[in-house]
Amino acid sequence: MNTTTQITQPTNLPRKKINGGYLFLPHSLSRGALLKWLRRTHAWLGLWGAALGFLFGFTGILLNHREVMKIPIGRLQQTEFQILLPDPRPASATAMAAWLGQTMNIDTRQAKIKHQPPKTVIWNNQNIRQPAVWHIALRNPKHSLNAEYWVGNAFISVKQGSANLLQTLNNLHKGTGMGVGWILLVDTLAGALLLLSMTGILLWTRLHGPRLAAAGLGLGSLSLVVFIALSAIYG
């Protein structure tokens, strides 16, 4: 008696991945060690920039809506007044800035001082000699001060501003009144974002797969950015 045994293969087995490498790297570099290094680098860079990334992301939304679809929550309260000068008056713009700092109890050592020399201007079809004018500007993320003095006047005009919390955060985003330390710190965040973009692309191509989807997603986002930018520039 002949008996035959029929062996059936299960149909729900996962398909074997043919190419497990990265889309943009040669196969010799597509190893587990590289994937582990990419994951660690991606994670540590993300942790380093998490706090600053939240700040810049939040304020970036506010700044992006400062002209179109305005979000009016960042405010700067300004006051204008005049201060009588002592006798004798400060002899230079630097001396004026130092006197103004003592009078208002503020540090003006980092103030930006601009001296505009006297010049001849035409007013009502007549040549008039305009006196020299001194500009003194001092800013930090919270406060701003702009002073103007026309040489010969008995007073100096001052504009002083005070920002609320959200406007202060916006000024931090723009680096207003910040020193070299803050600028370099933000540069590290920008560099981390560049590396996060590159490692994120490599991780995505490893963990997912279709080359067509990767190319379509990347080129689609790039094309959208270029189209909207060119429409705004030449539209």
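Annotation for segment 62-155: trypsin sites (Lys or Arg not before Pro) lying in DSSP loop with at most 10 further Cβ atoms inside 10 Å of their Cβ are 70, 109. Computed from backbone phi with θ = phi - 60° and the Karplus coefficients 6.51, -1.76 and 1.60, the 3J(HN,Hα) list for segment 152-166 is x, 6, 8, 9, 10, 8, 10, 10, 10, x, 9, 8, 7, 4, 5 Hz; x is used for glycine and proline. Shown in residue order for segment 47-56 are the 3J(HN,Hα) couplings computed by the Karplus curve 6.51 cos²θ - 1.76 cosθ + 1.60 at θ = phi - 60°: 5, 4, x, 5, 5, 5, x, 5, 4, 6 Hz (x for Gly and Pro). Going by neighbour counts of Cβ atoms within 10 Å, the residues 134, 48 line up, fewest first, as 48, 134.
Cross-link pairs exceeding 28 Å in C-alpha to C-alpha distance, out of 36/174; 119/174; 70/142, comprise 36/174; 119/174. Counting charges near residue 74 (Lys, Arg +1; Asp, Glu -1) among other residues having Cβ under 14 Å from its Cβ returns a value of +4. Extents of segment 76-169, taken as max minus min of Cα coordinates on every principal axis and listed largest first, are 49, 31, 20 Å.
Taken together, the values in this text are just the output of simple stated rules run on the coordinates, not laboratory data. Just so it is clear, the model here is predicted, and its values are computed rather than measured. Reconstructed Cβ throughout: ideal geometry from the backbone, glycine too, with neighbour counts over all protein chains shown.
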